[in-house]
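**Student:** This is the structure I have questions about; it appears just below.
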Amino acid sequence: MRPRWRRQALPGFGLTFGVCASYLFLIVLIPLAALALKSATLGPAEFWNAVASPRALASYRVTFGCAALAGLVNLVLGPLLAFVLVRYRFPGRKLVDALVDLPFALPTAVAGITLTKLYAPNEPLGAWLASLGWKVAYTPSGITVALIFVSLPFLVRSVQPVLEQLDPDIEEAAATLGAGRLTTLWRVVLPALWPAILAGFALAFARAIGEYGSVIFIAGNMPMVSEIAPLLITGKLDQHDYAGATAIAVVLLVTSFVALIAINLLQLWTVRRRSADTR
C-alpha cells in the first residue's frame with residue numbers, strides 16, 4: 001500500500017498553496033464576481049438591449065473579426081519566425097529574438113501612435129498603400145495590423161520552446177527515408193507543434209479581444225464601422241452607464257473564456273491522438 005500523502009521535496013506546501021489561492025481569489029475571482037454582479041443589476045430585457053443593440057453588434061463584428069484575422073495571420077507568421085530563430089544561425093539573430101518581445105515591453109499607446117503615424121494616408125507608406133487601394137489607418141485593416149503586432153509574441157514564445165526540444169535528427173531521419181521537405185514538415189514537425197500553436201493562438205485571440213491602447217489611435221473609432229467593443233465600454237463608463245458597460249464586458253469575458261476552453265480541449269484531443277498514433 002502506497003502512503004496517501006507523500007513527503008514533498010520542497011517544504012511549505014500548505015503555506016504556498018494558501019498564498020497562491022488567496023492571490024488568485026483577490027486578483028482574479030473577486031473582480032470577475034464584481035463584474036457579474038454589476039451586470040446582474042440589469043433585468044433580462046435591459047441586459048439584452050445593452051449587449052444586442054445595433055452599435056454593440058457592430059463593435060462585436062469588428063472586435064471578434066479583426067482578432068480572429070490577426071490570430072490567423074500570426075498562426076502562420078509566429079511558427080515561421082520561431083522556426084527561423086531556432087533552426088538557423090545568422091547575424092543579428094539575438095536582436096531579432098529580443099525584438100519579438102517588444103510588444104510586451106512597449107506601452108500600447110506608444111505602439112498605437114507609431115502605427116498610426118506609419119500608416120496614416122498623409123505619410124509615405126500609408127499614401128503608397130492607399131494608391132494601391134488599401135487604406136490601413138482609420139479602418140478595420142488598421143485594427144488588424146495593430147492586433148497582429150501585439151499578439152505575435154504569444155505564437156512565437158509558445159512554439160519556440162517546443163521547437164528547441166524537437167531533435168533535428170528526426171527531420172534528417174525522415175529525409176533519409178525519402179520524405180520530401182513538405183512531407184517532413186506536415187508529418188513530422190507540425191504534429192509536434194500543434195498543441196503549442198493552438199495554445200498560442202488562444203492566448204493571442206484572447207489578448208486581441210481586449211486590446212485597447214494600440215488600437216484606439218489607428219481605428220478611427222467610427223460607430224458601426226471601426227469602433228471596437230472596448231471603446232464602446234469606455235464610452236458607456238464616461239456616460240456613467242456602468243451596468244451597460246459591464247454587460248458588454250461580460251460578453252467579451254465569456255467569449256474569451258469559451259475560446260480558451262475550446263482551444264484547450266482541442267489541444268488535449270490533439271495530444272491524446274498523437275500519443276495513440278505513436279503506440
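**Student:** Which condition breaks for ALA98 when tested against (1) out of contact with any Gly (no Cβ under 9 Å at 6 or more places or on another chain); (2) surrounded by 17 or more Cβ atoms within 10 Å (Cβ to Cβ)?
**Tutor:** ALA98 satisfies every listed condition except (2).
**Student:** Related question: If TYR242 satisfies every condition in (1) under 22 Å from the mean Cα position of the chain (by Cα); (2) open to solvent by 70 Å² or more (accessible area, probe 1.4 Å); (3) of a type in the set (Phe, Trp, Tyr) but one, which is the exception?
**Tutor:** All conditions pass for TYR242, except number (1).
**Student:** Pairs, please: C-beta under 9 Å, at least 6 apart or cross-chain, first residue under 16 Å from SER214 (Cα atoms) and in region 61-82, second β-branched (Val, Ile, Thr) and open to solvent by 50 Å² or more (accessible area, probe 1.4 Å)?
**Tutor:** VAL62/VAL225
**Student:** Among residues belonging to region 134-153 that are in a loop (DSSP other than H, G, I, E, B) and among the hydrophobic types (A, V, I, L, M, F, W, C), point out the one that is farthest from ASN221 (Cα to Cα).
**Tutor:** Step one: filter region 134-153 for residues in a loop (DSSP other than H, G, I, E, B), giving 134-139.
From what's left, among the hydrophobic types (A, V, I, L, M, F, W, C): 134, 136-137.
Values: TRP134: 18, VAL136: 13, ALA137: 11 Å.
By that ranking, first place goes to TRP134.
**Student:** Of all residues in region 249-263, how many are open to solvent by less than 50 Å² (accessible area, probe 1.4 Å) and more than 14 Å from the chain's Cα centre (by Cα)? Before the answer, list the steps.
**Tutor:** So the first thing to find is which residues in region 249-263 are open to solvent by less than 50 Å² (accessible area, probe 1.4 Å), and the list is 249-252, 255-256, 259, 263.
With the extra rule that they be more than 14 Å from the chain's Cα centre (by Cα), the set shrinks to 249-251.
Of the residues in region 249-263, 3 are open to solvent by less than 50 Å² (accessible area, probe 1.4 Å) and more than 14 Å from the chain's Cα centre (by Cα).
**Student:** Another question, if that's okay. Please specify each residue of region 119-133 satisfying the condition of being small (Gly, Ala, Ser) and either over 19 Å from SER214 (Cβ atoms) or in a loop (DSSP other than H, G, I, E, B) (or both).
**Tutor:** Selection gives ALA120, ALA127, ALA130, SER131, GLY133.
**Student:** Also: Just checking, does region 60-68 include any residue being among the aliphatic types (A, V, I, L, M), over 24 Å from ARG157 (Cα atoms) and open to solvent by less than 50 Å² (accessible area, probe 1.4 Å)?
**Tutor:** Step one: filter region 60-68 for residues among the aliphatic types (A, V, I, L, M), giving 62, 67-68.
Of the ones still in play, those that are also over 24 Å from ARG157 (Cα atoms) are 62.
So of that shortlist, the ones also open to solvent by less than 50 Å² (accessible area, probe 1.4 Å) come out as 62.
So far as region 60-68 goes, yes, one or more of its residues are among the aliphatic types (A, V, I, L, M), over 24 Å from ARG157 (Cα atoms) and open to solvent by less than 50 Å² (accessible area, probe 1.4 Å).
Each row is one residue, and each column tells you yes or no for (1) over 24 Å from VAL62 (Cβ atoms); (2) in contact with a His (Cβ under 9 Å, 6 or more places away or on another chain); (3) open to solvent by less than 40 Å² (accessible area, probe 1.4 Å); (4) of a type in the set (D, E, K, R).
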{"residue": "PRO107", "(1), (2), (3), (4)": "no, no, no, no"}
{"residue": "PRO140", "(1), (2), (3), (4)": "no, no, no, no"}
{"residue": "LEU163", "(1), (2), (3), (4)": "yes, no, yes, no"}
{"residue": "PRO168", "(1), (2), (3), (4)": "yes, no, no, no"}
{"residue": "ARG181", "(1), (2), (3), (4)": "yes, no, no, yes"}
{"residue": "TRP194", "(1), (2), (3), (4)": "yes, no, no, no"}
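The values are calculated or read from the model by the stated rules, or taken from the named source; none is laboratory data. All of these numbers come straight from a predicted model, not from anything done at the bench. Don't worry about glycine lacking a Cβ; one is built from the backbone with ideal geometry, like all the others, and counts go over all protein chains shown. Keep in mind that these areas ignore ligands, DNA and RNA; they rest on the heavy atoms of the full protein, side chains included. Shrake-Rupley method; radii C 1.70, N 1.55, O 1.52, S 1.80 Å.
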